[in-house]
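What follows is a set of notes on a single structure, which appears directly below.
The values are calculated or read from the model by the stated rules, or taken from the named source; none is laboratory data. In this text, all values refer to a predicted model and were calculated from it rather than measured experimentally. Here the Cβ positions follow ideal geometry from the backbone for every residue, glycine too, while neighbour counts run over all protein chains shown.
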Amino acid sequence: MPSKKLVIAVIVIVVVGALGGLAYRIYLNPAHDNAIDLVPSDAFFYASVFLDPSTHQKQALGELLRHFPEAKTPSLAKGELENLLNDALASTGVDFTHDVEPWIGRQVAFFADGIEGDSADVAFLVGTSDADAARATLAKAATHSSDLLASHESYRGNDFTVVGGKARGIVGNFVVLASDANVFEKVVRTQ
């Protein structure tokens, strides 16, 4: 029979290991880039932002924000960003706080490819935690654009809407806002 000290030592090692693993997951765990799987291999530019960074990244962001007098805390910066997004979305009939924030996921990304002259093929990839709510927001934006003809299309089982030449739809767990239908279809082909 094992000694009492050996049993206590094993229990302490297991508890410390479990707490260390939990601390790593909460404090230092890097976010996984899911959006990159939707980026065409010929893209020349890709950027991604994680909306729910690790605790360590949040602390670094807090330190960075101290250098900006208008947004000294992450909550003040978030408020300013929400105001900017609401202003940008006003013409679409969509309100960020009520229509987007409830379904937005952990990641937002952007890619560009196909540069020709002054134009490029671009797409924004917005992670979603609720695809049905995201679809409702896209439909609301499409119906608000009554001065522009909206066409509803499908490519390889992925429904999307083209309004004013720009394509909007959902691919996997991401809302795709593409510069045109061809770019949306490129995103679908990455799967």
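If the requirement is being crowded, with 18+ Cβ neighbours inside 10 Å and at pLDDT 90 or above, which of these qualifies: VAL163, VAL171? Steps first, answer last, please.
Values: VAL163 fails: at pLDDT 90 or above.
After ruling out the rest, the residue left standing is VAL171.
Just checking, which of GLY93, GLY62 is surrounded by 12 or more Cβ atoms within 10 Å (Cβ to Cβ) and either closer than 19 Å to ALA142 by Cβ or modelled with pLDDT of 85 or more (or both)? Talk me through it step by step, then tell me what you get.
Working: GLY62 fails: either closer than 19 Å to ALA142 by Cβ or modelled with pLDDT of 85 or more (or both).
When all the criteria are applied, what remains is GLY93.
Could you tell me whether any residue of region 18-31 is surrounded by 12 or more Cβ atoms within 10 Å (Cβ to Cβ) and either modelled with pLDDT of 85 or more or within 18 Å of the chain's Cα centre (by Cα) (or both)?
yes
Which residues, taken from region 141-172, are among the hydroxyl-bearing types (Ser, Thr, Tyr) and assigned to a strand (DSSP E or B)?
Filtering region 141-172 for residues among the hydroxyl-bearing types (Ser, Thr, Tyr) gives 143, 145-146, 151, 154-155, 161.
Of everything in region 141-172, those that are among the hydroxyl-bearing types (Ser, Thr, Tyr) and assigned to a strand (DSSP E or B) turn out to be SER151, SER154, TYR155, THR161.
Residues being surrounded by fewer than 20 Cβ atoms within 10 Å (Cβ to Cβ) and assigned to a helix (DSSP H, G or I): count how many of those fall in region 100-140.
Residues in region 100-140 being surrounded by fewer than 20 Cβ atoms within 10 Å (Cβ to Cβ) and assigned to a helix (DSSP H, G or I): 7 in total.
Could you please let me know if ASP132 is in contact with an Asp or Glu (Cβ under 6 Å, 6 or more places away or on another chain) and within 26 Å of ASP33 (Cβ to Cβ)? Working first, answer last.
Working: in contact with an Asp or Glu (Cβ under 6 Å, 6 or more places away or on another chain): no; within 26 Å of ASP33 (Cβ to Cβ): yes.
The answer is no for ASP132.
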